[in-house]
Ligand code: PXP
């Protein structure tokens, strides 16, 4: 079975549009779990533009499935992770001006990465690296001690003419990841139309999906939107 991590950052974005208390990502996480989510994914950004420290604290206590914290390597954020101990941390690049995460983490230049991975491991956290489908990055992820790699699927999702070529890159990168003994995750830009070939990749363990599910939930509710995606990525069930 391919696990579904539901990214609920957008729920916090709507809350922050009015700087009020609703909609609450804590409620969203419960609804997503009722729809069959295997994980709840949140990104605590350094600028706290959507998810905030209160959300991380409460979700850590209330989420019954896996909590996956997307995070940069900033010392302050690493401290939050070590203190709250989510089951999983996914290291991502972060730039203040970006609308969403653009591109994977470049492990050849990421500072203090090995140290952060070690400290997160010491806190009992499973650690994943969000990287592009590039063999050198996969090699580095293995060397740095990551448990999993989340392949950035943005280029595949955005491809207009040559989606198959982008998919082929993901498939060969996926093989390298599994052969290296790391767990295979993928995410970014996946939706109800393009997710199937990625879900069907050999060794695929977890998909992290946010925008498409939250967008659909406006019309059919979050529980149902999650249920539909979960069924789609596990067609035989
Ligand atoms: N995985 C990672 C590492 C991300 O940064 C994001 C976006 O926050 C996602 C998955 C989900 O992407 P989308 O919202 O496009 O489904």
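Residue 104 is checked against (1) closer than 28 Å to residue 196 by Cβ; (2) within 11 Å of the ligand (Cβ to nearest atom); (3) out of contact with any helix residue (DSSP H, G or I) (no Cβ under 8 Å at 6 or more places or on another chain) and fails just one. What number does that condition carry?
If we test residue 104 against (1) closer than 28 Å to residue 196 by Cβ; (2) within 11 Å of the ligand (Cβ to nearest atom); (3) out of contact with any helix residue (DSSP H, G or I) (no Cβ under 8 Å at 6 or more places or on another chain), just (3) comes out false.
In the stretch 147-164, which residues are within 14 Å of the ligand (Cβ to nearest atom) and touching a strand residue (DSSP E or B) at 6+ places or on another chain (Cβ under 8 Å)?
Residues satisfying the conditions are 148, 149, 150, 151, 152, 153.
Looking only at the stretch 201-218, filter to residues that are out of contact with any strand residue (DSSP E or B) (no Cβ under 6 Å at 6 or more places or on another chain) and within 19 Å of residue 180 (Cα to Cα); which one of those is farthest from the ligand (Cβ to nearest atom)?
Checked the stretch 201-218; the qualifying residue farthest from the ligand (Cβ to nearest atom) is 202.
Just to be sure I understand, how many residues within the stretch 37-64 are surrounded by fewer than 18 Cβ atoms within 10 Å (Cβ to Cβ) and either under 19 Å from residue 5 (Cβ atoms) or within 16 Å of the ligand (Cβ to nearest atom) (or both)?
Count: 10.
Of all residues being surrounded by fewer than 21 Cβ atoms within 10 Å (Cβ to Cβ) and touching a residue at least 24 places away in the same chain (Cβ under 8 Å) in the stretch 102-112, which is farthest from residue 143 (Cα to Cα)? Just the residue, please.
Across the stretch 102-112, the extreme among qualifying residues is 102.
Can you tell which of 178, 226 is within 25 Å of residue 42 (Cβ to Cβ), buried (at least 16 other Cβ atoms within 10 Å of the Cβ) and at pLDDT 95 or above?
Result: 226 is the single residue among 178, 226 that is within 25 Å of residue 42 (Cβ to Cβ), buried (at least 16 other Cβ atoms within 10 Å of the Cβ) and at pLDDT 95 or above.
Each row is one residue, and each column tells you yes or no for (1) closer than 21 Å to residue 36 by Cβ; (2) touching a residue at least 24 places away in the same chain (Cβ under 8 Å); (3) surrounded by fewer than 19 Cβ atoms within 10 Å (Cβ to Cβ).
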| site | (1), (2), (3) |
| --- | --- |
| 158 | no, yes, yes |
| 168 | no, no, yes |
| 174 | no, yes, no |
| 187 | yes, yes, no |
| 190 | yes, yes, no |
| 200 | yes, no, yes |
| 210 | yes, yes, no |
| 213 | yes, yes, no |
| 235 | yes, yes, yes |
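Go over the candidates 184, 144, 140 one by one and state the one that is within 16 Å of the ligand (Cβ to nearest atom) and either closer than 29 Å to residue 85 by Cβ or under 17 Å from the mean Cα position of the chain (by Cα) (or both).
184
What residue, of 125, 131, 77, is closer than 25 Å to residue 154 by Cα, modelled with pLDDT of 95 or more, touching a helix residue (DSSP H, G or I) at 6+ places or on another chain (Cβ under 9 Å) and within 16 Å of the ligand (Cβ to nearest atom)?
131
Quickly run through the stretch 81-99 and pick out the residues that are free of Cβ contacts under 8 Å to residues at least 40 places away in the same chain and exposed (fewer than 15 other Cβ atoms within 10 Å of the Cβ).
Within the stretch 81-99, 83, 95, 97, 98, 99 qualify.
Please determine whether any residue of the stretch 11-21 is in contact with a strand residue (DSSP E or B) (Cβ under 9 Å, 6 or more places away or on another chain) and free of Cβ contacts under 8 Å to residues at least 40 places away in the same chain.
no
Restricting attention to the stretch 105-129, report how many residues are out of contact with any strand residue (DSSP E or B) (no Cβ under 8 Å at 6 or more places or on another chain) and not in a loop (DSSP other than H, G, I, E, B).
Selection size over the stretch 105-129: 5.
The values are calculated or read from the model by the stated rules, or taken from the named source; none is laboratory data. Note that the coordinates shown come from a computational prediction; the quantities given were computed from them, not determined experimentally. Heads up, the Cβs are rebuilt from the backbone with ideal geometry, glycines too, and the neighbour counts pull from every protein chain shown.
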